[in-house]
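Trainee: One structure is given below, represented as structure tokens, and several questions about it will come after.
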Amino acid sequence: MGRLIRSDAVAAAVGAMASDALDAARARAAADDTAGAADAAPSAETAKPAQSSAPSASSQPDDAPEPADISEPDTFRPAASAPAASEPAASETAASRPAASEPAASETAASQPATSEPATSEPATSEPPTPAAQAAPVVTFGPAKGGRGRGPQSARMPDRASGAAASANAARAAAEPGPNTVFDVIIIGAGPAGLSAGLNLVRARRRVLMLDSNRPRHSATLKSHGFLTRDGVSPLELRKLGREEFEHYPEASFHQSLVTGIDRVEEETGELFVVHSKGIRGSGDRTSTARTVLIATGLTETLPALPSIRAYYGTDMHSCTECDGYEKSDAPLALIGETSDLAERALLLSQWSNDLIVFTNGVADLSEHDESALDARGIGVERRPIADIEGDRTGMTGVSLADGTVILRSGGFVRPVWTTALDYEALLGVATDDDKLLVVDWLGRTSVPGVFAAGDSTPPGAQQLVVAAGAGAKVASAINRHLIGLL
């Protein structure tokens, strides 16, 4: 009971003290208000001359526009209250700060006297930045590339592209082969098969030297077809892109030269291959050594001896039916050749056109079975010797025979005679077939250990570019396994 009485007494005392303090505060506030009103009167008088320069609403002419309604949206208020469109964005607190050219209006203007002096705006960074703001990259906005628009620009963003390029250059310089370098692989030929194999081998971190004489069989062809993602690309452009991808890796080396000889040398570590080449187009002669050799030289071709056939080859006349047959669909075509497989090619070509004549040039020998198969497909056969290919500025128009007869044709195909670029049987002793193509197993291995082949220089001979590229990738995997010792 005693404790309760003492608690009530304490509470009463605290309440009395709070009441006295409140009364004192109210008295001080009333005194301040009186003094403030007295001080404000002269200031208001002083400000009147500045205000008198603006005409009153009653003194304006009848045709004067109505004063702006202050309740209109911000977008319709005078421009002085918002930043111009061409100026940088204001800070988050800019809406509560006056423009530098307007009279001062403090954030607490309702409780402070007006002044005719212009306000001094506070610096935008009145508070120290937080640690997070210091760590974040500073991003500004300026003209984008080309001088149009405004795009983000980082003042502290590292130049990753330059760093990557510098690293690549340093790696390439360190990997630059010397005169005594023993390569893992020397690839002879930079066609689809060689480039595909080279790309996969350098990605396996194999030191690769590619030698090429820049004499592609398809140099007359304007467009290649059937290559995934590259349908219609120029074969020369395809080679260019492939070489760029290959040389992107520091393990890759490329040299323009024509191979003149290959020696086999026995060493304690195993057999090595020394490849001699003659430089072309300003490149020097070169002798290089490697643990393996990949032959990807493709083929050279000999066309029938007709005076004007080269003028139309690659445009109106072609050699690959799968590559260019679609573009000759339903056209009157000629198939010219002197080999024993002419009937087979004619049957394939009939898939694209029913108006087809086979020209044997008085050389190709067709069996009774061949003639029967051609006749069943409606394919004609012309055995008389050919004089030339006829045409004008628009292209091929026909085939002229030795007796003066001209058979109208708008295009066609020719069966060349293909041979390997080099006599590899004499150079390396590798086995070849009746057509002098390199005999290989399903992994691309020749009869000589360490020597591989891919592409058109292997049976069945000339193929589509995409087929050669696939063969190169397959053989690259076999070479890598061979170097590890798994084959």
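Trainee: Step by step: first the residues of region 291-311, then only those that are of a type outside the set (A, V, I, L, M, F, W, C), at pLDDT 95 or above and under 38 Å from the mean Cα position of the chain (by Cα), then the one that is nearest to LEU443 (Cα to Cα). Which residue is that?
Mentor: Among those residues, the one meeting the criterion is THR292.
Trainee: If GLU251 meets every condition in (1) surrounded by 16 or more Cβ atoms within 10 Å (Cβ to Cβ); (2) of a type in the set (Asp, Glu); (3) under 17 Å from the mean Cα position of the chain (by Cα) apart from one, which number is that one?
Mentor: Going through the list (1) surrounded by 16 or more Cβ atoms within 10 Å (Cβ to Cβ); (2) of a type in the set (Asp, Glu); (3) under 17 Å from the mean Cα position of the chain (by Cα), GLU251 breaks only (3).
Trainee: Please specify each residue of region 416-426 satisfying the condition of being surrounded by 18 or more Cβ atoms within 10 Å (Cβ to Cβ) and in a helix (DSSP H, G or I).
Mentor: Result: TYR424, single match.
Trainee: Could you say whether any residue in region 270-283 is over 30 Å from SER477 (Cα atoms) and either part of a strand (DSSP E or B) or of a type in the set (Asp, Glu) (or both)?
Mentor: no
Trainee: Given the criteria surrounded by fewer than 19 Cβ atoms within 10 Å (Cβ to Cβ), closer than 19 Å to ALA305 by Cα and among the basic types (Lys, Arg), does ARG377 qualify?
Mentor: no
Trainee: Exactly one of these conditions fails for ASP434: (1) out of contact with any Asp or Glu (no Cβ under 8 Å at 6 or more places or on another chain); (2) under 20 Å from PHE227 (Cα atoms). Give me its number.
Mentor: (2)
Trainee: Further question on the same structure: Among the residues of region 225-247, which ones are in contact (Cβ under 8 Å) with a residue 12 or more places away in the chain, part of a loop (DSSP other than H, G, I, E, B) and either surrounded by 18 or more Cβ atoms within 10 Å (Cβ to Cβ) or not aliphatic (A, V, I, L, M) (or both)?
Mentor: Listed by number, the residues that qualify are HIS225, GLY226, PHE227, SER234.
Trainee: As an exercise: evaluate ARG281 against (1) surrounded by fewer than 21 Cβ atoms within 10 Å (Cβ to Cβ); (2) in contact with a Leu (Cβ under 9 Å, 6 or more places away or on another chain); (3) basic (Lys, Arg) and give the number of the one condition it does not meet.
Mentor: It is condition (2) that ARG281 fails.
Trainee: Please specify each residue of region 320-353 satisfying the condition of being polar (S, T, N, Q), under 13 Å from HIS225 (Cβ atoms) and crowded, with 17+ Cβ neighbours inside 10 Å.
Mentor: THR321
Trainee: Quick check on my filter: what residues within region 427-449 are surrounded by 16 or more Cβ atoms within 10 Å (Cβ to Cβ) and within 20 Å of SER477 (Cβ to Cβ)?
Mentor: LEU438, VAL440, GLY444, ARG445, THR446, VAL448
Trainee: Do we have any residue at all in region 259-272 that's in the same structural domain as GLY470 (by TED's automatic domain parsing) and under 35 Å from the mean Cα position of the chain (by Cα)?
Mentor: Yes, region 259-272 contains a residue that is in the same structural domain as GLY470 (by TED's automatic domain parsing) and under 35 Å from the mean Cα position of the chain (by Cα).
Trainee: Further, regarding this structure: For region 230-252, check the following and say yes or no: at least one residue is out of contact with any His (no Cβ under 9 Å at 6 or more places or on another chain), in the same structural domain as GLN463 (by TED's automatic domain parsing), within 20 Å of ASP456 (Cβ to Cβ) and of a type in the set (Phe, Trp, Tyr).
Mentor: yes
Trainee: Going through GLY470, GLY455 one at a time, which residue ends up being farther than 30 Å from LEU306 by Cβ, in the same structural domain as VAL185 (by TED's automatic domain parsing) and either among the hydroxyl-bearing types (Ser, Thr, Tyr) or outside any strand (DSSP E or B) (or both)?
Mentor: After applying the criteria, what remains is GLY470.
Trainee: Something else now. Inside region 293-362, counting only strands (runs of 3 or more DSSP E) that do not spill past its ends, which hold 1 or more residues that are among the small types (Gly, Ala, Ser)?
Mentor: Correct list: 333-336.
Trainee: Can you tell me which residue is nearest to ASP324 (Cα to Cα) among those in region 204-224 that are modelled with pLDDT of 90 or more and in a loop (DSSP other than H, G, I, E, B)?
Mentor: The extreme case among them is SER213.
The values are calculated or read from the model by the stated rules, or taken from the named source; none is laboratory data. These numbers were taken from a predicted model, which means no experiment stands behind them. So basically every Cβ, Gly included, is an ideal-geometry build from the backbone, and we count neighbours across all protein chains shown.
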